[in-house]
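S.K.: The structure under discussion is supplied below as C-alpha cells; questions concerning it will follow.
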Amino acid sequence: MNESPIKIRLMKAEDFDAVVAIDEKILQTPRREYYEMKFEKLFRSKDYVPVSFVAEKEDGTTVGFVMGELYMGEYGIQEEATLDTIGVDPDYQNKGIGKQLLDEFVDHLRDLGVKKLYTLVNWNDSELIRFFSANQFSPSKIINLERSL
C-alpha cells in the first residue's frame, strides 16, 4: 500500500474543527469546550509561543496533532514544557504519525531551549504508556496523587 507522505506543521487556529473531530473519533465523546479553551489560550494569548503541531496528508487532510505548553521561568527562560494532548486519527494509527508529531514537537522545544518535557498518562492506558516509553519517556520522580471527593 502506497501511503502519501505526511507533513508536520505548526498548528493554526483554523485547525480547530479537524482537531476536535480527531479527538472525538478517538475518545468516542465530544470535547469541543475543552478545545475551545485550549485554542483560546493558544491563539489569543499575547504570551503564546507556538509549540503545537498537526500532521496532514498531501491533500491537506489533518490526521493528527500534538499540543503542549511552555513554562516560563526566571528571566523568561523556557526550560520546561508539557505535552498535554496528542491524537492520531484511528484510521492512520500505527503508521508512525504519532512518532513524527512527537519528534517534531521535541525538536522544536529543544530549539527553544527546553530541557525537560512532562506529560500525564492514565495508569491503565497501557497502549499510550508503551507509545511514550518507546519514545524515550520514563516515569518521573514525582508521583501524582489524587483523592475522589
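The values are calculated or read from the model by the stated rules, or taken from the named source; none is laboratory data. Because the structure is predicted, anything quoted here is derived from the model rather than measured. Quick reminder, even Gly has a Cβ in these numbers, built from the backbone with ideal geometry, and neighbours come from all protein chains shown.
S.K.: Scan segment 82-93 for residues that are of a type in the set (Ser, Thr, Tyr) and either surrounded by 18 or more Cβ atoms within 10 Å (Cβ to Cβ) or farther than 27 Å from Thr61 by Cβ (or both) and report the count.
M.R.: Of the residues in segment 82-93, 2 are of a type in the set (Ser, Thr, Tyr) and either surrounded by 18 or more Cβ atoms within 10 Å (Cβ to Cβ) or farther than 27 Å from Thr61 by Cβ (or both).
S.K.: Right, something else. Look at segment 126-146 and say how many of its residues are assigned to a helix (DSSP H, G or I) and among the hydrophobic types (A, V, I, L, M, F, W, C).
M.R.: The initial filter retains those residues of segment 126-146 that are assigned to a helix (DSSP H, G or I), namely 126-134.
Right, trim to among the hydrophobic types (A, V, I, L, M, F, W, C) and you get 128-129, 131-132, 134.
Qualifying residue count, segment 126-146: 5.
S.K.: Now, a different point. Being over 21 Å from Asp15 (Cβ atoms), exposed (fewer than 15 other Cβ atoms within 10 Å of the Cβ) and either among the β-branched types (Val, Ile, Thr) or at pLDDT 90 or above (or both) is true for just one of Glu146, Glu127. Which residue is that? Break it down stepwise before answering.
M.R.: On the way: Glu146 fails: either among the β-branched types (Val, Ile, Thr) or at pLDDT 90 or above (or both).
It is Glu127.
S.K.: Next question, about the same structure. Out of the residues in segment 5-40 that are in contact with a Lys or Arg (Cβ under 8 Å, 6 or more places away or on another chain) and among the acidic types (Asp, Glu), state the one that is farthest from Val114 (Cα to Cα).
M.R.: Among those residues, the one meeting the criterion is Glu24.
S.K.: Can you spot a residue in segment 110-131 that is of a type in the set (Ser, Thr, Tyr) and over 12 Å from the mean Cα position of the chain (by Cα)? Working first, answer last.
M.R.: Applying the first criterion (of a type in the set (Ser, Thr, Tyr)) to segment 110-131 yields 118-119, 126.
Those left that are additionally over 12 Å from the mean Cα position of the chain (by Cα): 126.
For segment 110-131, residues of a type in the set (Ser, Thr, Tyr) and over 12 Å from the mean Cα position of the chain (by Cα): present.
S.K.: Would you pick out the residues in segment 19-51 that are more than 23 Å from Ala81 (Cβ to Cβ) and either free of Cβ contacts under 8 Å to residues at least 12 places away in the same chain or touching an Asp or Glu at 6+ places or on another chain (Cβ under 7 Å) (or both)?
M.R.: Within segment 19-51, Ala21, Glu24, Lys25, Leu27, Gln28, Thr29, Pro30, Glu33 qualify.
S.K.: Let me ask another. Which count do you get for residues in segment 94-126 that are touching a residue at least 24 places away in the same chain (Cβ under 8 Å), within 24 Å of Val63 (Cβ to Cβ) and among the β-branched types (Val, Ile, Thr)?
M.R.: 2
S.K.: Shifting gears a bit: Select, from Phe43, Phe53, the only residue that is at pLDDT below 95 and in contact with a Lys or Arg (Cβ under 9 Å, 6 or more places away or on another chain). Working first, answer last.
M.R.: On the way: Phe53 fails: at pLDDT below 95.
Answer to the check: Phe43.
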